[in-house]
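Quick notes on the structure that follows.
The values are calculated or read from the model by the stated rules, or taken from the named source; none is laboratory data. A quick note: this is a predicted structure, and the numbers were derived from the prediction, not measured. Every residue, glycine among them, receives a Cβ derived from its backbone with ideal geometry; neighbour counts consider all protein chains shown.
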Amino acid sequence: VLEDLEMPVARRETENLFQEQPETGNQYLEDALLRGYLKAHLPPKVLEEVSQDLERFGNRLLTEVKPLGWECELNPPVFRQYDAWGQRVDHIITCSAWKRMKEISAEEGLIAEAYERKYSNWSRVHQAVKLYLFSTTSGGFNCPLAMTDGAAKVIESLGIPASLKNAFDHLTSRDPKKFWTSGQWMTERRGGSDVANGTETVARKQPDGTYRLYGFKWFTSAADSDVTLTLARIADAEGHVKQGSSGLSLFFLKVRDEDKKLNNIRVQRLKDKLGTRQMATAELWLDGAEAELISAEGRGVASISNMLNISRIHNVIGAVASMRRMISLSREYALKRVVFGKLLKDHPLHMQTIARLEVQTRGAFLLLMEIAQLLGLAETNMASEQDQLLLRLLVPVAKLYTGKQASATVIEAMECFGGQGYMEDTGLPVIVRDTLVLSIWEGTTNILSLDVLRSLTKSQGRAIAVFFSTVQKKIELASSTAKLEPAVRQMRDAISRLTQFIQGAGAKEAVTMELAARDFSYSLARIYAGALLIEHASRSDASAADVSAARRWCNQELCPAATEFKNSSYDAEESLMDSSLVYGS
Ligand code: UCC
Ligand code: FAD
């Protein structure tokens, strides 16, 4: 104090201007919703072991992984096309922290956990939670993990053929020296959404039964991966290929040989991206890459959809993790930052702002856990047909909804830090940039909305029936809880409006479900998340915050499709007006 008084006034004032950095602790221990969820759902023995593992992992993230993640951000991959002597080498050089992330991923069993199934159907929940905790400190390594999980899933769903056994063992290994990651090369210049018409890569059969691939892959993330799955059109004896979806087959290939030499692949360049800069996304020429056909001919899209559905779940994990991280930091900051004479936490309007983000994040988190639970059931032969239909429907619903939610949430949360939020070296803009991609890759919002329709059409109405019956069941349990009564009423109202919409959309000629797809999918997401929040809040040990989150969600979120439908927004005339609005009269 004495020293302070002796300091010159100007210097004292300058020092007072320093802002305290928000510090968060063990992410597992600090996440009340996560812990409440696990306590409510996991069998006691599993809960005990899983909690211990998560607490330990939470400490490891804080002390070891977080600094590595920041190193990955500061040392993005570098592309070296030629060596000093003019030889073409196409080296993608990654930093040591990135390599360490790969080892840690193996040590922690971030993929292995899901395939060993130590906790039977609960293993997927355990894995999802570990990935959720890992995500924002992983320095972008969550991306290759998503694709690796997807590749392992495809191989497992093929019955682990003998030719792929070795690859499967590597992809699901806990041994850092053995662990492989996979890429997912679907996008070509003519189309990332319309893969069926956009794929130009040709596969030529070799006398030994393998294939050689020729083509150009326009986006290949984590191009340092060991193996990849990709699509190509098999050429017949005359060199002709079949166009469209039924001309596409799925291939497995090793990206490099044992000497690290590329498999007849040339790297054109690394993409210059807004975010995910820690990770190498390359443009690749396949110039006779040796590959193995792993689907039936012409069943490429259906086969790779096993990968898509898994990597889309990882996308949901990434979305929820980004939201949670930004909120954790915002609430910490609000405990330290003084404005207008009091801490930010004592400004009700600021608290309202973060509380709204918290409600969003809770809905998204419960949606993620529901999907992980259903996936776990499906993979241990414990899922009913209804569970499987629900899983198929909820994956695109959750991917499209949380991708958008996360973008809005992290931008709002960035503002919670004022100008500091915009400063690069706080690390906050990294989270924002890396979140913005979540609604683009793995299928854009519109494409996922159309996938929602695809899943409904394919099930011939059964999936939507399961959706409604599951939601009803969840809210019925809560109807006797007085505090949840308004939320349950709002849910019933939303369900009835959505039912009317579905009936009306079928009857009204000018209405196309395609135009309604996005709003409809949002309605499904909001209603389902509302039901999950209500279910969570109706537990006997639910907190006041659980109840409040359910009530607020139902107040704010339910059923945009019905409103738009009532306002004739999907009529042909209105649809024409869309183009006029976009292009002017
Ligand atoms: O973007 C990428 C990022 C890599 C980085 C990873 C990060 C992950 C997160 C990290 C954590 C933060 S990789 C590229 C992603 N690309 C896409 O997502 C493609 C988007 N486009 C689509 O999804 C389209 O809807 C297509 C390509 C699937 C449309 O193809 P088609 O051939 O025109 O569609 P069809 O004819 O309707 O479907 C062909 C078959 C059908 O089965 P059958 O023939 O039995 O009736 C469909 O039911 O495929 C089936 N199918 C599916 N089945 C299509 N989609 C699915 C699905 N999702 N699930 C099950
Ligand atoms: P387009 O398909 O041209 O879409 C343009 C717009 O049109 C979008 O808004 C879309 O929603 C809309 N649209 C398209 N079709 C319809 C429709 N039928 N109805 C209504 N709207 C429609 N791909 C890989 O295969 N592997 C990777 O590793 C990979 N990594 C990536 C990494 C990053 C950082 C990014 C940004 C992309 C990556 N991608 C990867 C590519 C990504 O999957 C595609 O960019 C994405 O699927 C969209 O495809 P597109 O770019 O061709 O856009």
Segments classed as helices (runs of 4 or more DSSP H), wholly inside the range 470-585, with at least 3 members that are of a type outside the set (Lys, Arg) and modelled with pLDDT under 75: 560-566, 572-583
Restricting to the range 226-269, name every residue that is among the aliphatic types (A, V, I, L, M) and within 21 Å of Gly198 (Cα to Cα). Leu229, Leu231, Ala232, Ile234, Ala235, Val241, Leu248, Leu250, Leu253, Ile265, Val267
Which count do you get for residues in the range 248-283 that are of a type in the set (Lys, Arg) and either within 16 Å of ligand 1 (Cβ to nearest atom) or in a loop (DSSP other than H, G, I, E, B) (or both)? 5
Would you mind finding the one in Ala291, Ala321, Ala296 that is among the hydrophobic types (A, V, I, L, M, F, W, C) and assigned to a loop (DSSP other than H, G, I, E, B)? Ala296
Can Ala529 be described as under 17 Å from Gln360 (Cα atoms) and surrounded by fewer than 23 Cβ atoms within 10 Å (Cβ to Cβ)? no
Inside the range 152-186, can you point out the residues that are touching a residue at least 12 places away in the same chain (Cβ under 8 Å), part of a loop (DSSP other than H, G, I, E, B) and within 20 Å of Phe141 (Cα to Cα)? Thr172, Ser173, Arg174, Asp175, Pro176, Lys178, Phe179, Trp180, Thr181, Met186
With the structure loaded, tell me whether Ala114 is crowded, with 19+ Cβ neighbours inside 10 Å and under 25 Å from Glu156 (Cα atoms) or whether it fails that test. yes
Need the failing condition index for Ile440 against (1) away from ligand 2 (no atom under 16 Å from the Cβ); (2) surrounded by fewer than 20 Cβ atoms within 10 Å (Cβ to Cβ); (3) of a type outside the set (Gly, Ala, Ser), just the number. (1)
Within the range 411-437, how many residues are within 16 Å of ligand 2 (Cβ to nearest atom) and more than 16 Å from Gln21 (Cβ to Cβ)? 6
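Which is within 12 Å of the chain's Cα centre (by Cα), over 20 Å from Met513 (Cβ atoms) and small (Gly, Ala, Ser), of Gly419, Gly403, Gly443, Gly427? Spell out the reasoning first.
Values: Gly419 fails: within 12 Å of the chain's Cα centre (by Cα); Gly443 fails: over 20 Å from Met513 (Cβ atoms); Gly427 fails: within 12 Å of the chain's Cα centre (by Cα).
Result of the check over Gly419, Gly403, Gly443, Gly427: Gly403.
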